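Written below as structure tokens is the structure these notes are about.
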Amino acid sequence: MSTASQRGLAVITGAAGVLGTRIAERLAADGHDLLLVDLDRAVALTAERIAAASSRRAVACVADLTSAEGAEAVARSAGEEGGNVALLVNNAGITRDGRIGDMQERDFAAVIDVNLTAAMRLTFALERLLADGSVVLNMSSRASLGNFGQANYVASKSGLVGLTRALALRWAPRVRVNAVAPSLIDTPMAHSMPEHVLEKVVSRIPAGRIGMPDDVASIVAFLASPEAGYITGQVLVACGGRSIAA
């Protein structure tokens, strides 16, 4: 049996977006079959395109992960694809920015629900399908260290760090659990900022550029691989040095 055929099923949430799609493409290239999850029905087109361009199976599951029914729908789909989940990438996320004193409670709750609670909900729905050696990766953010105007986003992403560490202890040594914490990445979410604000943020990154989806996909591929077999309960910050800049 080839190495590629042994990679197993990777479940990726937020897979219709730019970052989720690039992660999926990289994992397919590394030999994973894919279950691509998103609330956006365009995820079906993403799955079709990746399956056609690679030798791997890629299927879509349209699901709302803010409900238990949505998480169970993903678990059923994973079961139909063979029953073992080798990799779960909790990548789905939203923003609802605003000054903390002016932020509506519904906007705070929505971001927590999608970014943090939904990740927890899906992870536990898939627990019975995680085999020995499986990997869970939670997409946190450098923003977990604090960002002006993003109290809800900061809370959700720092919460993912705590969830990562708790699950790593709970499931060791059978399942590895880590978090990836990118800084600003070249996606529509970044470009939703006013252009002058985006330029100012990028100018403060020591690496001298905005992060690219490929940067994050490469980290996900590494942490999912046997080469990262001694890494669990950790947060890999990919921010071009922004977290240490003044």
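Numbers for the structure displayed
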{"item": "Residues of segment 192-217 satisfying the condition of being outside any loop (DSSP other than H, G, I, E, B), under 18 Å from GLY20 (Cα atoms) and in contact with a helix residue (DSSP H, G or I) (Cβ under 7 Å, 6 or more places away or on another chain)", "result": "PRO213, ASP214, VAL216, ALA217"}
{"item": "Residue in segment 89-99 that is surrounded by 16 or more Cβ atoms within 10 Å (Cβ to Cβ), of a type in the set (D, E, K, R) and more than 27 Å from ALA168 (Cβ to Cβ) present", "result": "yes"}
{"item": "Within segment 173-188, tally of residues that are out of contact with any Lys or Arg (no Cβ under 7 Å at 6 or more places or on another chain) and either surrounded by 16 or more Cβ atoms within 10 Å (Cβ to Cβ) or among the basic types (Lys, Arg) (or both)", "result": "11"}
{"item": "Those residues of segment 119-132 which are part of a helix (DSSP H, G or I) and either of a type outside the set (Phe, Trp, Tyr) or crowded, with 19+ Cβ neighbours inside 10 Å (or both), in sequence order", "result": "ALA119, MET120, ARG121, LEU122, THR123, ALA125, GLU127, ARG128, LEU129"}
{"item": "Residue in segment 196-207 that is under 21 Å from the mean Cα position of the chain (by Cα) and without any contact (Cβ under 8 Å) to a residue 60 or more places away in the chain present", "result": "no"}
{"item": "Residues of segment 148-172 classified as touching a Gly at 6+ places or on another chain (Cβ under 8 Å), at pLDDT 95 or above and either over 18 Å from ASN91 (Cα atoms) or surrounded by fewer than 22 Cβ atoms within 10 Å (Cβ to Cβ) (or both), total", "result": "4"}
{"item": "Residue under evaluation VAL135, criteria (1) at pLDDT 85 or above; (2) touching a strand residue (DSSP E or B) at 6+ places or on another chain (Cβ under 8 Å); (3) assigned to a helix (DSSP H, G or I), criterion not met", "result": "(3)"}
{"item": "Selection count where residues are surrounded by fewer than 18 Cβ atoms within 10 Å (Cβ to Cβ), touching a residue at least 40 places away in the same chain (Cβ under 8 Å) and not small (Gly, Ala, Ser), scope segment 49-80", "result": "2"}
{"item": "Hits in segment 73-83 - residues which are of a type outside the set (Lys, Arg) and either assigned to a helix (DSSP H, G or I) or at pLDDT 95 or above (or both)", "result": "ALA73, VAL74, ALA75, SER77, ALA78, GLY79, GLU80"}
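Per-residue answers, yes or no, for (1) in a strand (DSSP E or B); (2) charged (D, E, K, R); (3) at pLDDT 95 or above:
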site	(1), (2), (3)
ALA15	no, no, yes
GLY20	no, no, yes
LEU27	no, no, yes
GLY31	no, no, yes
LEU35	yes, no, yes
GLU48	no, yes, yes
CYS61	yes, no, yes
ALA71	no, no, yes
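The values are calculated or read from the model by the stated rules, or taken from the named source; none is laboratory data. Values in this document were obtained by computation on a predicted structure and should not be read as measured data. FYI the Cβ positions are ideal-geometry reconstructions off the backbone, even for glycines, and counts take in every protein chain you see.
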